[in-house]
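Scroll down for the structure; my scribbles are underneath it.
The values are calculated or read from the model by the stated rules, or taken from the named source; none is laboratory data. Bear in mind the structure is a predicted one, so any value in this text is a computation, not a measurement. Cβ placement follows ideal geometry from the backbone for every residue including glycine, while neighbour counts extend to all protein chains displayed.
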Amino acid sequence: MSLIVLMATALGSELGGFALQQEGYLDVGWFDAQGDGVSYEWDVRNRVLGEGPNGAFTEVPRAYFGDPWANMVNSQGSSADLGLGRTGLPRFDPIQSHGNPTFLVNRFHHEIAVDQGEQLGVRAGLNVEPRSGFLGSPGDVIAVDTAYVVWRPMRDSDLKLYAGRLESGFGREYRYRHASARMGITPSIVARYLIGLQTGLRVRGTYRRWLGYSVAVTNGSSTTEEFGHLNNDLDVNGIPTGTVRVGALMRRPVRLEVGASGQVGPQDGQPDPGVIGWQVGVDGRLDAGRLTVEVEGVISHQPGDGSPKSERLDARGGYVTVEVRPIVQLGVYGRVDWRDADLVAWPNLYVSNVLRLTGGAHVDLSRAIAVKAEYLHLAELMAGTSIRDDVLTTSLVFRYETRKMEL
């Protein structure tokens, strides 16, 4: 960050001055996950799932039911425990609670914005997540969040062009990706398809102040790195992915926004550009006084290249969230979300049909400090399946920002 400031200062002296602004937050929490902290189980000899359609569940060495990423404990969507010993797959599992309650520094996030006038600027963010290492190896995560240039070519228009590592342009949940922007703690169960960062180019603007549009060409899809599948920051097949969202806004008598999104391109992780994946979604938000209702649904299809070991996904799901603020400082909320999906990640098959009920409260102690508490109840909808995987989680978020400084 200091290097960015020094570079901006040097450039500002030559080009006529820059303005600098910084903001960020620290998110500290405590959680307790039921059972052993893992929210899926091995279906030994297909006794629960059976053979599946046309014997599909027997074509892989191991089949699992449940959802490994459904028992989230923070705003990143981290699972309490991914159960590495259960799958035999190398996978990043940063928490591994083993069902034990624990305190956790969820994330320290810092952003910097450098603007030249009102039309050109740079945005960059950094995430720090302290985690336990193993045998002396560091488990801490230090990662670039967003990093992009934004250009507003016309002063009398809100049309903006972006280039770099960008927020997702699919749906609306990406707007609450950070703990400081979300009333609750955890993302929805389908957020893994919606809020992933993308590297490339985007055009965004509005028409007559009521019709919004966003068009992006990027290396990969909006699937998150946290999901661990079907995500690429760099392009491995030479053809970009396209993402489009169109939204309409009504401001009176209540504020109502509705949108539709589409995404298509070569499947992430597939070197063959002819393997095309796609997803579509709809979303909406209603604000009526102190009541807010948000809905979103998505269908995602990633076909694989037809070989048995090719990664592939068929998923659908969505969420409904209701938020109420009885007083300005207090918010209470409830969410119903659901995901029905089959994911092949050789040698494993994950068959998920999970309904999740979430309730919680948010208290603003000041403009800078918010306290949250949330309970997630997970229900496996397939006959014969039941897992103790509910989660109680809490969060203390300290937010900060600096005023703009001329350089």
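Within region 167-174, is there a residue that is in contact with a strand residue (DSSP E or B) (Cβ under 8 Å, 6 or more places away or on another chain), assigned to a helix (DSSP H, G or I) and closer than 27 Å to R245 by Cα? Checked against the condition, which is being in contact with a strand residue (DSSP E or B) (Cβ under 8 Å, 6 or more places away or on another chain), assigned to a helix (DSSP H, G or I) and closer than 27 Å to R245 by Cα, region 167-174 yields at least one hit. Counting just the residues of region 228-244 that are farther than 16 Å from L194 by Cβ and in contact with a Pro (Cβ under 8 Å, 6 or more places away or on another chain), which one comes out surrounded by the fewest Cβ atoms within 10 Å (Cβ to Cβ)? Within region 228-244, the match that is surrounded by the fewest Cβ atoms within 10 Å (Cβ to Cβ) is G238.
S300 meets the conditions (1) without any contact (Cβ under 8 Å) to a residue 60 or more places away in the chain; (2) buried (at least 18 other Cβ atoms within 10 Å of the Cβ) in every case but one. The failed one is (1). If you go through region 291-320 and keep only what is charged (D, E, K, R) and either at pLDDT 95 or above or not in a loop (DSSP other than H, G, I, E, B) (or both), you end up with E294, E296, R312, D314, R316.
Might you check whether a residue that is surrounded by fewer than 13 Cβ atoms within 10 Å (Cβ to Cβ) and without any contact (Cβ under 8 Å) to a residue 24 or more places away in the chain occurs anywhere in region 125-133?
Start the filter on region 125-133 by keeping residues that are surrounded by fewer than 13 Cβ atoms within 10 Å (Cβ to Cβ), which leaves 132-133.
Going one step further and asking which of them are without any contact (Cβ under 8 Å) to a residue 24 or more places away in the chain, we end up with 133.
The answer is yes; a qualifying residue exists.
Does S157 qualify as being under 17 Å from S214 (Cβ atoms), without any contact (Cβ under 8 Å) to a residue 60 or more places away in the chain, exposed (fewer than 13 other Cβ atoms within 10 Å of the Cβ) and among the small types (G, A, S)? So S157 fits the description; yes.
Conditions (1) at pLDDT 95 or above; (2) in a loop (DSSP other than H, G, I, E, B); (3) crowded, with 17+ Cβ neighbours inside 10 Å, marked per residue:
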{"residue": "L6", "(1), (2), (3)": "no, no, no"}
{"residue": "L11", "(1), (2), (3)": "no, no, no"}
{"residue": "G17", "(1), (2), (3)": "no, yes, no"}
{"residue": "G24", "(1), (2), (3)": "yes, no, yes"}
{"residue": "D36", "(1), (2), (3)": "no, yes, yes"}
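When V203 is tested against the conditions (1) at positive phi; (2) assigned to a strand (DSSP E or B), the lone failure is (1). Any idea which of (1) in contact (Cβ under 8 Å) with a residue 40 or more places away in the chain; (2) in a strand (DSSP E or B); (3) surrounded by fewer than 16 Cβ atoms within 10 Å (Cβ to Cβ) is the one D283 doesn't satisfy? Single failed check for D283: (3). Of the numbered criteria (1) at pLDDT below 95; (2) not in a strand (DSSP E or B), the one A179 fails is (1). Does N46 qualify as being in contact with a Gly (Cβ under 9 Å, 6 or more places away or on another chain) and modelled with pLDDT of 95 or more? When the stated conditions are applied, N46 does not pass them.
Looking across region 309-326, just one residue is touching a residue at least 60 places away in the same chain (Cβ under 8 Å) and polar (S, T, N, Q), and that is T321. Per the listing L376, L357, the residue uniquely more than 30 Å from Q270 (Cβ to Cβ) and either touching a His at 6+ places or on another chain (Cβ under 7 Å) or assigned to a loop (DSSP other than H, G, I, E, B) (or both) is L357. Pick out, from region 206-277, the strands (runs of 3 or more DSSP E) lying fully within it that include 1 or more residues that are in contact (Cβ under 8 Å) with a residue 60 or more places away in the chain. It comes to 241-250, 255-266.
Per-residue answers, yes or no, for (1) aliphatic (A, V, I, L, M); (2) at pLDDT 95 or above:
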{"site": "V336", "(1), (2)": "yes, yes"}
{"site": "G359", "(1), (2)": "no, yes"}
{"site": "S366", "(1), (2)": "no, yes"}
{"site": "R388", "(1), (2)": "no, no"}
{"site": "R399", "(1), (2)": "no, yes"}
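Taken over region 204-222, residues that are buried (at least 24 other Cβ atoms within 10 Å of the Cβ) and of a type in the set (A, V, I, L, M, F, W, C) amount to 1. Give region 346-376 a look and list any residue that's surrounded by fewer than 19 Cβ atoms within 10 Å (Cβ to Cβ) and aliphatic (A, V, I, L, M), or say none. Answer for region 346-376, where residues must be surrounded by fewer than 19 Cβ atoms within 10 Å (Cβ to Cβ) and aliphatic (A, V, I, L, M): L355, L357, A361, V363, L365, A368, I369, V371, A373. Scanning region 116-136 for residues that are modelled with pLDDT of 90 or more and in a strand (DSSP E or B) turns up Q116, L120, G121, V122, R123, A124, G125, L126, N127, V128, E129. Is it true that some residue in region 222-241 is touching a strand residue (DSSP E or B) at 6+ places or on another chain (Cβ under 9 Å) and among the aromatic types (F, W, Y)? Taking every residue of region 222-241 in turn, none turns out to be touching a strand residue (DSSP E or B) at 6+ places or on another chain (Cβ under 9 Å) and among the aromatic types (F, W, Y). Which residues, counting only those in region 194-203, are within 24 Å of L249 (Cα to Cα) and buried (at least 24 other Cβ atoms within 10 Å of the Cβ)? Result: L194, I195.
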